[in-house]
Every structure is written in structure tokens, then in C-alpha cells.
Amino acid sequence: MISLDNYSKDNVYQKSLQAADQGVEDNPKLLYLGIDNSSYKQQIKDYPSRLTQKPDGKHLVSGIKADQTFSPYPILGQLPEIDQQGLEFLHQDIKEACVCVGSFEDQEFKVKWLGRNALSNDEFWSGTKIIPIINLVSRLNSKSPKDDLDKCTIRGTDQAGNQRDIPVCDLITDVISYDYNTASSNCLGAMLKRFAPQMDLENWLKQITGNDSLIFRGRYGEKPFIEYPQLFGSTTKSIILTADPEPPQWESNTISAYDLNRMISMVGWHNYIPEACQLPGVKWDSLESIIRAMGNDPARLIDLAIKELGLLNVIDSTVIISKLGNGVTSIRNRTEAVYVALVKLVKPSLDDALKPAKLITFSMALRGAKVLEPRDCNREAVELDARIATEVTEILRRAVMGELV
């Protein structure tokens, strides 16, 4: 494992810059590294059970100690207090960020929110695709609690006029992985937004995060894979959800780093937070499907950080769920990248076998931006790719060393 003596953020950036070389504007190399290159690919199936693990106070304790600045996880619709000075260590290319640190104190789960422009609403690209996925589970379980997402299919006529009947989990994994097994991530993401009128989906999100000024009525640059999808449950052998009959009035997805961080933390920490804080109607069985899907994100930035910090063979019971986003914007005239993630790991005591192991968990949402003069979108993508990887490494280092709060 790294010692503080030989760690240098500048060195990490230079190494990341070399690794990111050859990346191009729509395909940054580190952001799209791919799950096949991950040491954790075979462990994804174990992520849900690992997210039920809690400290017992004897063999396993919280690695991040809660002080008086921590508070219980906020109830639905409550905006938490965010320490807007808590992420000053991040490079200025990270324009918006929100990190939430979790800690158990006498069996009660407490959190601390850190931010940089965490409540600024803007475009978070494909990072927002997790929201319609989570909404689908909330609608499914609220209407039919006995149906597990794993056993549901989506039916309907695709853009080519073919009748389709596809397991939901395959489609969600396609949205996350960009593998194109069925269709593009963008057209599947748009399809998942069709199960509710756009305003209903937006208001549902506001009622969860408490951010009343967000807009969530955008699509992802492509037509929905199935314009009028139906969700069919094999347990109840019934059509549980149907598409909004009205054609959508597409607008924009203008939300905050906090919103994305809140949503991914509610997925990963479902078993840690009280019912009044949990995603409405959601059953753990169905959330497990989302967790496994989100283990397939091509962005392996936490993997890279774990290797860089020498933690690969030190930590265990690891969970990494995440969602990338990226693009070149003509509105803001710059290259942007987004990374939303939740991490949970256990760090055994190496110097004393009698000391308890430490459970460390945190979530984050980052948006970085880069502009060069004269403009060179490929080079901007390379430098931003390396920068995001470096800052994710620094966040992990601080979490493991107990320096994040």
C-alpha cells in the first residue's frame, strides 16, 4: 500500500496523461476502459450482498469516524447541509462536485456531504441515465411489490417495426455498459423515460432530492428504442406499466451534482438508511438488478485508483457502481466529463490481526470541463480524462487514509 511519502498527485496526473493518450473527443480512453479490463468483473454478482454488510463493532468498524459534523441520512425531499468548502483539494477543472461520506455510529448510519457548486443545475450528459432506471423500479414495486425487476421484460414495437420482448435487466445493462447488445445506450435511455409523462418524472425526482429548480425533461440525442413500451411481470403474468400515451415534449436535463450523488447513494446504501429515507416503494430484490447493471460501467476510474494506491490485494468486499457521461458542448464551448459512483470496501488491519477491519464507503458525482486555446477537442478529452482519474484517486486516497472529512 502507498505511504504518504511516495504519493504525489502530480505524478498520478502525469501517469494518467500517458494512459489517456490516443483518446478522442467522443471516446476518452480511461472513461471507456471497459469492464473486461477490470479485476472486479467476476465480483459484480456479489455486490448486492456486500452492500448489506454492516460493522459489528468488534471485527468490523467504520473506517471514517463520524464527528459532530455528520448527521442522519436526509429524509425524502430534504436538502442536506453541504459543506461547500469540503472539496477545495480538487483541481479547478472539476467544476461541480458532490461527495457523501458514510459512517456507522452505534449502528446508526450517518453521513457528511461535501460540495463544490454541488447545487448548480446544468447538463450532466449520460450520468443522468441512472434516474429513469431508478424511477422504473420505484413505479414497478409501488404498483406490483411481488414483481422482481429480474423477472420482468419490456415489450413493444421497435423503430424498425419489429415486435420485441426483452428482459429489462439486459436493457439496463446495455444502457450502462454501452455494449450495444440490443440497441444504443442513448435510445434505450430515452425509452426508459417513456413510462411516465416528463413532468411526472421531473416532479418525482424533485420530491426525492429536494432540489426544486431542476429540469428533467430531456432525452439523449436519439429516438426511444420502443416509443410505447410495456413492462411485463412474469411473476404476476401481467402488464404492470405502460408508456405515457402522449408523445413527450422533450426539453433538457438540467440537474445538479448533488441530485446524482443523492440518487446513487440511495441505491447503494438502501440497507443502511431508514425507510423514510429510502427510494419510494423500492424493494431490495429489484435494486439488486440495478446494482449489478451499474457494476458494468466502462469507466474504471476507481479500479485505476485502487491499483495506483497499491490497494488491490489489501482491500476486500469491494463494491464499485458507477455511471459515466461525456461530451463536447457548443453551448459552453468546452469538453466535459461526468463520473457518478458509489464505493464500499473493507480494509483489514495489516499491522495487527487482532484489530478490527475497517468498512469505508462514500459516493460522488463530478463534472469536469476543459477548454484549450486554440481549440483541440481530442487533446481536451485526453487532459480531462487524466484529470478526472487523478481527482478520483485523490478522493479514494483521502477516504482510505481518513482525510476526507
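The values are calculated or read from the model by the stated rules, or taken from the named source; none is laboratory data. All values reported here derive from a predicted model rather than from experimental measurement. Cβ coordinates were reconstructed from backbone atoms using ideal geometry, including for glycine residues, and neighbour counts include every protein chain displayed.
Looking at the structure I just gave you, is Val338 touching a strand residue (DSSP E or B) at 6+ places or on another chain (Cβ under 9 Å), in the same structural domain as Ile64 (by TED's automatic domain parsing) and assigned to a loop (DSSP other than H, G, I, E, B)? Spelling it out, it is not the case that Val338 is touching a strand residue (DSSP E or B) at 6+ places or on another chain (Cβ under 9 Å), in the same structural domain as Ile64 (by TED's automatic domain parsing) and assigned to a loop (DSSP other than H, G, I, E, B).
Being part of a loop (DSSP other than H, G, I, E, B) and under 14 Å from Leu90 (Cα atoms) is the filter here, so list the residues in segment 376-405 that pass it. Spell out how you get there, then give the answer.
Restricting attention to segment 376-405, the residues satisfying the condition of being part of a loop (DSSP other than H, G, I, E, B) are 376, 402-405.
Across segment 376-405, the qualifying residues are Glu403, Leu404, Val405.
Please go through segment 307-317 and pick out each residue that is in contact with a helix residue (DSSP H, G or I) (Cβ under 7 Å, 6 or more places away or on another chain) and not in a loop (DSSP other than H, G, I, E, B). Glu308, Ser317, listed by residue number. Taking segment 28-56 as the range and being without any contact (Cβ under 8 Å) to a residue 40 or more places away in the chain and more than 14 Å from Asp303 (Cβ to Cβ) as the test, the residues that pass are Asp46, Ser49, Asp56. For segment 70-94, the set of residues classified as of a type in the set (Ser, Thr, Tyr) and surrounded by fewer than 14 Cβ atoms within 10 Å (Cβ to Cβ) consists of Ser71 only. The residue pairs whose first member lies in segment 63-77 and is of a type in the set (D, E, K, R), whose second member is exposed (fewer than 13 other Cβ atoms within 10 Å of the Cβ) and modelled with pLDDT of 95 or more, and whose beta carbons are closer than 9 Å, counting only pairs six or more residues apart or on different chains, do not exist in this structure.
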